[in-house]
Amino acid sequence: MNTKLQTLIHNSPFIRNAWYCVGFSSGLPENQLKAITVLGQPLVLFRTNGGEVAALADRCPHRFAPLSRGSLQGNSLQCGYHGLRFDSSGRCVHNPHFPGVPPEAANVPVFPAFERYGAIWVWMGEHDKADRTLLPDFSATDERSGWNRVEGYLHVKANYQLITDNLLDLSHVQFLHPFLANDAPPSPQFKATVRAEQRGNTVIAINEFSHSSIPPVYRLLWGQGEAPETCQLRANMRWDPPSLLLLDTGAAPVNAPREAGPSLPSVHWLTPESQWTTHYFWAATRDRLLGDATVAAQVKRGIDEAFRYEDEPMIEDVQRNMGSSDLWDGQPVLLSIDNAPVRARRIVEKLLVTERDKLTVRTA
Amino acid sequence: MNTKLQTLIHNSPFIRNAWYCVGFSSGLPENQLKAITVLGQPLVLFRTNGGEVAALADRCPHRFAPLSRGSLQGNSLQCGYHGLRFDSSGRCVHNPHFPGVPPEAANVPVFPAFERYGAIWVWMGEHDKADRTLLPDFSATDERSGWNRVEGYLHVKANYQLITDNLLDLSHVQFLHPFLANDAPPSPQFKATVRAEQRGNTVIAINEFSHSSIPPVYRLLWGQGEAPETCQLRANMRWDPPSLLLLDTGAAPVNAPREAGPSLPSVHWLTPESQWTTHYFWAATRDRLLGDATVAAQVKRGIDEAFRYEDEPMIEDVQRNMGSSDLWDGQPVLLSIDNAPVRARRIVEKLLVTERDKLTVRTA
Amino acid sequence: MNTKLQTLIHNSPFIRNAWYCVGFSSGLPENQLKAITVLGQPLVLFRTNGGEVAALADRCPHRFAPLSRGSLQGNSLQCGYHGLRFDSSGRCVHNPHFPGVPPEAANVPVFPAFERYGAIWVWMGEHDKADRTLLPDFSATDERSGWNRVEGYLHVKANYQLITDNLLDLSHVQFLHPFLANDAPPSPQFKATVRAEQRGNTVIAINEFSHSSIPPVYRLLWGQGEAPETCQLRANMRWDPPSLLLLDTGAAPVNAPREAGPSLPSVHWLTPESQWTTHYFWAATRDRLLGDATVAAQVKRGIDEAFRYEDEPMIEDVQRNMGSSDLWDGQPVLLSIDNAPVRARRIVEKLLVTERDKLTVRTA
């Protein structure tokens, strides 16, 4: 590992050895360059002629022009300022002003990248650890037979962990999200199971309700007039570090199998742009009313608006109230509902220490 | 007094033990939450069922959500994120996720508040010193029989003391404010009395003119064609720390009692939002052409435009020219006209030192 | 030299003893005040009754109001806040609030200024070194018999040296500027001469091409259908410190004298506003199609758009990629094309050291 990356890992407030989502596959057509900043590192993304995804540092080593202002010339990326060309491994393959092979110093840092679950993943740490099997399983939201998917994106002006906190404590749904909440008067038999589980570095926040009222989103998916009076409802959120979440959610008639009602699993992939801004990629997949464009639009809009107009302003205001201080500096009063989010924060803290320590051992 | 407040007072560039205006009474209807930042402290204001004003820190102690994004539930303020509820004394009275009485640590800081002179006043320092009689008398601008009032607000991007400087040295009126200035060619008998008086911590800037030309605003208030050729004119500004001003101003025929001409007393309440931004609340009350909505609008617009388009850009440019440095760092050349504003600055400096010293003695 | 200026020179990232362009002569009519910030110093520019240009610090010594918010009263500049008046040497000549001669402390710093080459030049350093003959010769772009001139201005959010780099390495033209580039397929006899020359502190970047294709701008200037198949083309850039450039450019038939084809010499005067922003004044003068307003507009628009939409975004992005770090901190890979710009940077570095050292000797 080179010295520059070692320094980065030592100083980074982020876990570097991890896969981060940098966009949906559909967002990167061939022959296009896409710029995105991840963990403070500007990247340029493009596809080779074979369709493979490449991620390079978005900075020409000559005069620091963003390569994303350049153009693709066959399989190589040409800088738009003075015309140097780079292949998908970052190697400088052409200097139009001087004959011969450009020196190694003219190469651009490359970041391991691949596609899975309809998204593009980039590894921000040590190359020899970039194991694709480390990416958790998100196949539950793949577009596939019997399931229709919608996707969305938000740019949130807050630290990514404040969004993790939000997603791992869904008790806020009844206060913030009328479209998603089961806040009609509960049946006398209503019962809630809310608890956190931890398996290794995976945290699961269980939210299960029997004899619950039906949130508007499930009334919609059940179909006109078909929803029962009360239902069993689940919204179980799985978190893996640093910030990759899967929500297993759906409604079913009381005492019936989950397949008897609609399901709407969703993924929530949080990619820090900087310490104070976050790329939030989400996708949700339904098993009802397939091919119904109106319902697809309603689901997409419902989820997007819940995030955009309800969660996002609240989380950004929380960040403003915190300024640049750490959550713990503010001495928050912890409640029972903080169980899952605090577990996730402790795991991130542990992994950050481990990543730096391992580095120290190896470079000593 | 708690340790946090002690630290605040020690580090504050502001006098804490003082009443600050946070808005007009008319600006806070029942069932509304209002957010305002005072001395860098975000506050949420609301009314109890009885109509009493309450001011709490605008930050939930759980996850730091602004309480002003919440809602009123009867007499208590419910956080919009996870539903904690607080009464008007800041006590956490309800945690919807856990039975029983919430712990004291979940309480929110409260700030003494009351209403007077058509405005809401908040005490930013030690509670046991929050004496309502310390508020200077501003009844001269109360809406009452024979007097009509207009109110206004500006958000000024400058330190509040630059606005005090402006108001305590009205020699700038002839250069900046045509609507307010007596800048027609003076009569041969014209005589000006400009001087500063100090009584304790009160500074009064006297500006009195005999055989003066009549400023447009008084020609307007005198009524069409009724103003005399020349007049006696007064614009006496009273200042009390930290930044509460009353302007006794009016015009009258030469050698006649002041009641023989129009009066337009006004208040100027400056509340620091931060070191570099200020809430400027003003109100002006006239004793002529009562009930004339056109005149009311002309007076309000005339004063507002003088502040907004003449004073405010000048003061903000002065702040820009000063950057973050103190007035004294810039070694200003003091003129005779600086007598009153410099007295006010010296009093503020003295009170800041006193406030910190007293604290040291008591906490030693 | 006063202590304040000594401190400025010691701390300045800029060469102070130099002429900087602060605008075109046509941009400063009589009876107008113009504000411009140069090397971080706000200036106010105006003309005396005789038409002479004056440059004062844009800050009243009384209360720090920008003098550019004031007005001209005959030959003196009146502060718009409290009415102090200053003559073109910065002397305070009138205090309306107090009789007699104002004290010397009320004077405003003055900066030597004069007009030449259709522009206003200000000296930002020691007055006794303000030698007008130090200004390089830019008469090649004067408006005169047989030559027509167009002028332009850009505010660039980048350090001025990044713009120097751009201008001294015109190899970027073929990648960035279709209107200016000779990028049609070259003739077999095409020959390029690209090299840098240095004479004292003057750097010249030679770019000469024979049997070249004709850039669109010269096809335009040659006149409809009159341009030959191939041409000899020159674009020789002369640089003098800190950042004053003259481009000798034109096209001619192969083996013919330069007068046989159109010339379009241009000046490029870069004036740092701050470390991260630059005033870019340019002018270009043609010897063909004189008096043709359409061609004048096309030339002005062609050059302006090349700078505004092609160079400027690229240079600003380079600055963003560099943050506040120095070029050398980023360890750029230098290419042959960097010869001229690196020479210019080395000269600036040398002059900065010399300016500080001389000062040390004299003040010791």
Going by the rotation axis that takes chain C to chain A, pick out the residue of C with the closest C-beta and quote the gap in whole Å. C:S324, 11
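Compute the FRET efficiency between A:A105 and C:A293 as 1/(1 + (r/R0)^6), taking r as their Cβ-Cβ distance and R0 = 41 Å, and round to the nearest 0.05. Provide the component values of the computation, followed by the final result.
Numbers: r = 51 Å, r/R0 = 1.24.
Rounded to the nearest 0.05, the efficiency is 0.20.
Taking every residue in A:77-83, how many Cβ atoms of other protein chains lie within 10 Å of its Cβ, on average?
5
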What are the nm distances, shortest first, from C:S25 to its equivalents in the other copies, labels at 7 Å along Cα→Cβ? 6.7, 6.7
Placing a label point 7 Å from Cα toward Cβ, how far apart in nm is B:P96 from its equivalents in the other copies, listed shortest first to one decimal? 6.2, 6.2
Expected vector for the range A:190-195, Karplus 3J(HN,Hα) from phi with 6.51, -1.76, 1.60 and θ = phi - 60°, integer Hz, x for Gly and Pro, equals 3, 9, 10, 10, 10, 7
GNM on chain A, C-alpha springs below 10 Å: top fluctuator among A:S88, A:S212, A:S325? A:S325
Point-to-point label distance, A:N49-A:Q32, nm (Cα→Cβ direction, 7 Å offset): 2.2 nm
Measure nothing but the geometry: give the 0 to 90° angle between the long axis through the Cα atoms of A:293-305 and the longest principal axis through the Cα atoms of chain A, rounded to 10°. 80 degrees
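What is the sum of charges, Lys and Arg at +1 and Asp and Glu at -1, for the other residues whose Cβ falls under 9 Å from the Cβ of B:K157?
Numbers: positive: B:R320; negative: B:E312, B:E316.
Cβ neighbours under 9 Å give a net charge of -1.
Find the eigenvalues of the gyration tensor of the Cα atoms of the range C:178-305, then list the square roots of 5 times those eigenvalues as equivalent ellipsoid semi-axes, largest first, in whole angstrom. Walk me through the intermediate numbers first.
Working: eigenvalues 138, 78, 31 Å².
So the equivalent ellipsoid measures 26, 20, 12 Å along its semi-axes.
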Cα long-axis angle, helix B:339-363 against chain B (0 to 90 degrees, to the nearest 10): 20 degrees
Within 10 Å of each Cβ in peptide C:292-299, how many partner chain Cβ atoms are there on average? Round it to a whole number, please. 0
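In the neighborhood of B:A130, defined by Cβ-to-Cβ distances under 15 Å, what is the net charge if each Lys or Arg adds +1 and each Asp or Glu adds -1?
-2
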Explain nothing, just compute: Karplus ³J(HN,Hα) = 6.51 cos²θ - 1.76 cosθ + 1.60, θ = phi - 60°, for every residue of the range B:236-246 in order, whole Hz, x for Gly and Pro. 9, 9, 9, 10, 10, x, x, 5, 10, 10, 10
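To the nearest 20 Debye, how big is the dipole of the range B:275-333 about its Cα centre, given +1 on the beta carbon of each Lys and Arg and -1 on that of each Asp and Glu? Kindly include the intermediate steps, with their values, before the conclusion.
On the way: 6 positive and 11 negative charges, 62 e Å.
The dipole magnitude comes to about 300 debye.
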For the charge dipole of the range C:191-327, defined by +1 on Lys and Arg C-beta atoms and -1 on Asp and Glu C-beta atoms about the Cα centroid, which residue among C:A283, C:A227, C:A205 has the Cα displaced farthest towards the positive pole? C:A227
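Counting helices only, and only those DSSP H runs with n ≥ 4, report the 222 nm mean residue ellipticity of chain B as the sum of -39,500 (n - 2.57) divided by its residues, in deg cm²/dmol to the nearest 500.
Working: 7 runs with 78 residues, N = 364.
That comes out to -6500 deg cm²/dmol.
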Sorting A:G83, A:V101, A:N148 by the position of each Cα along the dipole of the range A:83-193 (Lys, Arg +1; Asp, Glu -1; all at Cβ), the one nearest the positive end of that ordering is A:G83
Calculate the dipole size of the protein assembly as shown relative to its Cα centre from +1 charges on Lys and Arg beta carbons and -1 charges on Asp and Glu beta carbons; express the result in debye to the nearest 20. 1180 debye
Taking 22 Å as the cut-off for C-alpha to C-alpha distance, list the pairs among A:K191/A:K300; B:K129/B:K350; A:K4/A:K129; C:K129/C:K350 that go past it. A:K191/A:K300
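Could you tell me which chymotrypsin sites (Phe, Trp or Tyr not before Pro) in the range C:142-236 are loop residues by DSSP with no more than 14 other beta carbons within 10 angstrom of their beta carbon? Write out the running numbers ahead of the final one.
On the way: sites: C:W147, C:Y153, C:Y160, C:F175, C:F179, C:F190, C:F209, C:Y218, C:W222; in loops: C:F179, C:F190.
The qualifying sites are C:F190.
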Pick from A:L245, A:L334, A:L167: which is most flexible by mean-square fluctuation in a GNM of chain A where alpha carbon atoms under 10 Å apart are linked? A:L334
Report, in whole Å, the centroid distance computed from the Cα atoms of the range A:291-361 and the range A:1-56. 22 Å
Using a 7 Å Cα-to-Cβ projection, C:Y309 label spacings across copies, nm, ascending: 3.6, 3.7
Here FRET efficiency (C-beta to C-beta, B:K129 to B:E349, R₀ 30 Å, nearest 0.05) is 0.90
GluC sites (Glu not before Pro) restricted to the range A:169-252 and DSSP loop, no more than 15 other C-beta within 10 Å: A:E226, A:E229
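Viscosity 0.890 mPa s, temperature 25 °C: what is the translational diffusion coefficient of chain C from Stokes-Einstein with a Kirkwood Rh over Cα pairs, rounded to a whole number of µm²/s?
Details: Rh = 22.3 Å.
It diffuses with D of about 110 µm²/s by this estimate.
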Angle in degrees between helix A:312-322 and the longest Cα principal axis of chain A, rounded to the nearest 10: 70 degrees
How shielded is C:160-172 by partner chains, expressed as the average number of their Cβ atoms within 10 Å of its Cβ atoms? 2
For B:W282, B:W19, what's the fewest-to-most ordering of other Cβ within 10 Å of each Cβ? B:W282, B:W19
Taking other Cβ within 10 Å of each residue's Cβ, how do A:T193, A:T294, C:T278, C:T48 sort, fewest first? A:T294, A:T193, C:T48, C:T278
Estimate the FRET efficiency between C:D183 and C:Q224 by the formula 1/(1 + (r/R0)^6), using the beta-carbon distance for r and 25 Å for R0, to the nearest 0.05. 0.70
Using the Kirkwood formula on alpha carbons, the hydrodynamic radius of the range B:18-134 in angstrom works out to 14.4 Å
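Counting Lys and Arg as +1 and Asp and Glu as -1, each charge on the Cβ, what is the dipole of the range B:139-355 about the Cα centre in debye, to the nearest 20?
About 420 debye.
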Selection from C:S187, C:V217, C:H177, by position along the positive dipole direction of the range C:148-355 (Cβ): C:S187
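Work the Kirkwood hydrodynamic radius out for the protein assembly as shown: mean of 1/r over every pair of different alpha-carbon atoms, inverted, in Å. Intermediate results must be reported in sequence, preceding the final value.
Working: mean 1/r = 0.0286 Å⁻¹.
One over the average 1/r among Cα pairs gives 35.0 Å for the protein assembly as shown.
Every number here is computed from the coordinates shown, using simple stated rules; none is lab data. Predicted model only: the values in this text are computed from it and were never measured. For neighbour counting, all protein chains shown are included, and Cβ atoms are generated from backbone atoms with ideal geometry for every residue, glycine included.
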